[in-house]
Amino acid sequence: MQTNFTADQLRDPETASSNQVLRTCVHCGFCTATCPTFVLLGDELDSPRGRIYLIKDMLESGRPATEEVVRHVDRCLSCLSCMTTCPSGVNYMHLVDHARRYIEETYTRPWHERLMRDVLSRVLPNPRLFRLALQGARAGRPLAGLIRGKGMLAQRLRAMLTLAPAHLPPPSAAQAPQVHRAQGERRGRVALLTGCAQTVLAPAINEATIRLLTRLGIEVVIAPGVGCCGALTHHMGKHDPAMAAAKAAIDGWSREIEGEGLDAILINTSGCGTTVKDYGFMFRTEPEPERLRAERVSALAADISEYLARIDYAPTRPAPGLTVAYHSACSLQHGQRVTAEPKALLRRAGFKVVEPADPHLCCGSAGTYNIVQPEIAGRLRERKLETLTARKPDLVAAGNIGCITQLSGGGLPVIHTVELLDWMAGGPQPAGIVARAPVA
């Protein structure tokens with residue numbers, strides 16, 4: 001694709017990076033076939049190729065973002081399926097992230113959108129505030145049906161109330177900053193990102209991760225000072241809060257690396273993993289010490305399934321006689337290109353693994369997408385649940401809390417992959433599962 005940025009514009013590192021991405025695109029259109037919003041809506045501007053044209057024009061002109069550009073970029077899930085499909089290697093992730101930052105800095109949204117986005121960006125990364133918000137939303141759930149209207153504001157309010165869980169697990173002490181010692185001889189030492197929303201919604205995921213790793217001889221560090229990885233605000237175009245959260249995480253993990261050392265930084269929320277693995281790029285223009293530390297953290301970052309495959313996970317219990325439909329989170333399969341490991345581990349653990357007919361398509365969660373774009377997210381959820389249910393599984397496994405939350409309540413238990421692996425290696429049976437045969 002030919003671009004026409006001025007020399008002045010190209011002095012900006014973000015613009016220079018986007019220019020390289022744009023010039024890689026050859027307009028082939030392969031991305032349209034695997035883009036969830038194009039598949040649903042059939043609008044070229046709601047495809048990666050269409051959004052690339054809009055972003056190119058916006059950045060080249062240097063003008064503030066228009067309502068049209070904002071509308072179509074906001075509808076992008078950042079599922080990155082287009083990057084898996086693209087034969088030219090277009091890094092759409094970096095381009096759309098730049099576009100969102102540009103929109104945030106140049107476009108004035110309606111007041112209720114600004115308020116909602118500010119609330120989400122402050123509440124979701126803060127477990128204490130998030131727990132309070134969920135408690136309030138849970139009390140308000142019965143009122144969701146009373147919110148009338150088809151406007152976006154009404155849809156979003158209904159979505160926020162509907163997504164609030166009926167029951168909230170108590171806080172887990174295992175997630176607090178500390179060192180969980182390995183059982184027996186220590187085979188390795190890792191840091192675990194406990195996350196923000198996940199610590200409130202499903203602390204059992206982190207507990208299962210810690211139990212499994214320590215049982216396998218791995219010391220697990222919950223590093224002080226590490227909270228949100230910055231992914232949520234980063235994908236909302238809020239650059240400064242995202243960089244501040246990322247810097248705090250890098251600082252916390254760097255202290256451990258420079259102290260007793262780390263073999264890996266493990267992440268069991270794939271949306272966070274995609275961002276942490278991109279810290280090197282995010283900090284590329286920072287002073288050298290910060291840039292090098294960010295690159296070191298990115299190099300150590302791994303999804304929990306990658307690490308378990310690396311250390312030869314093995315079950316200790318007989319096969320449970322259950323069929324698992326594996327839902328591959330977009331951030332894991334497209335963002336990190338981790339596809340084989342989770343399925344191989346589940347099979348090794350004794351599960352029969354099946355996949356939906358549309359494994360490459362998003363379920364509609366995508367961070368805050370199921371709140372800010374509830375109508376499209378709802379249609380994607382229904383489609384995904386239909387294709388998962390068609391395989392007649394006993395349960396669904398996924399590696400991302402957003403997907404688990406989005407797909408829950410659809411008639412099948414939705415369990416994090418690591419909880420199933422922990423169960424088959426001596427841990428407790430995850431809630432909601434009914435085993436066909438007794439497990440020793």
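The values are calculated or read from the model by the stated rules, or taken from the named source; none is laboratory data. For clarity, every value in this text was computed on a predicted model and none was experimentally measured. Note that each Cβ is placed from the backbone with ideal geometry, even for glycine, and that neighbours are counted across all protein chains shown. Accessible surface areas use protein heavy atoms only, side chains included; no ligands, DNA or RNA. Shrake-Rupley method; radii C 1.70, N 1.55, O 1.52, S 1.80 Å.
Any chance the stretch 66-78 includes a residue that's farther than 20 Å from residue 281 by Cα, of a type in the set (Gly, Ala, Ser) and either in a helix (DSSP H, G or I) or open to solvent by less than 50 Å² (accessible area, probe 1.4 Å) (or both)?
Looking for residues that are farther than 20 Å from residue 281 by Cα, of a type in the set (Gly, Ala, Ser) and either in a helix (DSSP H, G or I) or open to solvent by less than 50 Å² (accessible area, probe 1.4 Å) (or both), one finds none in the stretch 66-78, hence no.
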State yes or no: is residue 249 out of contact with any helix residue (DSSP H, G or I) (no Cβ under 6 Å at 6 or more places or on another chain), under 26 Å from residue 118 (Cβ atoms), open to solvent by 20 Å² or more (accessible area, probe 1.4 Å) and not basic (Lys, Arg)?
no
Within the stretch 4-56, restricting to residues that are open to solvent by less than 20 Å² (accessible area, probe 1.4 Å) and in a loop (DSSP other than H, G, I, E, B), the one that is modelled with the lowest pLDDT is 29
Among (1) open to solvent by less than 30 Å² (accessible area, probe 1.4 Å); (2) within 22 Å of residue 165 (Cα to Cα), residue 432 falls short only on (1)
With the first residue restricted to the stretch 27-45 and required to be without any contact (Cβ under 8 Å) to a residue 60 or more places away in the chain and of a type in the set (Asp, Glu), and the second required to be buried (at least 17 other Cβ atoms within 10 Å of the Cβ) and part of a helix (DSSP H, G or I), Cβ contacts under 6 Å at 6 or more apart or on different chains are 44/50
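So that you can scan it fast, the table gives a plain yes or no per residue for (1) in a helix (DSSP H, G or I); (2) within 23 Å of residue 262 (Cβ to Cβ); (3) more than 15 Å from the chain's Cα centre (by Cα):
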| site | (1), (2), (3) |
| --- | --- |
| 205 | yes, yes, no |
| 209 | yes, yes, yes |
| 213 | yes, yes, yes |
| 220 | no, yes, yes |
| 226 | no, yes, yes |
| 229 | no, yes, no |
| 233 | yes, no, no |
| 236 | no, no, no |
| 241 | yes, no, yes |
One residue is enough: does the stretch 312-327 have a residue meeting the conditions of a type in the set (S, T, N, Q), over 21 Å from residue 191 (Cβ atoms) and in contact (Cβ under 8 Å) with a residue 24 or more places away in the chain? yes
If we keep only residues of the stretch 382-422 that are out of contact with any helix residue (DSSP H, G or I) (no Cβ under 7 Å at 6 or more places or on another chain), of a type outside the set (Val, Ile, Thr) and crowded, with 24+ Cβ neighbours inside 10 Å, then the residue farthest from residue 347 (Cα to Cα) is 403
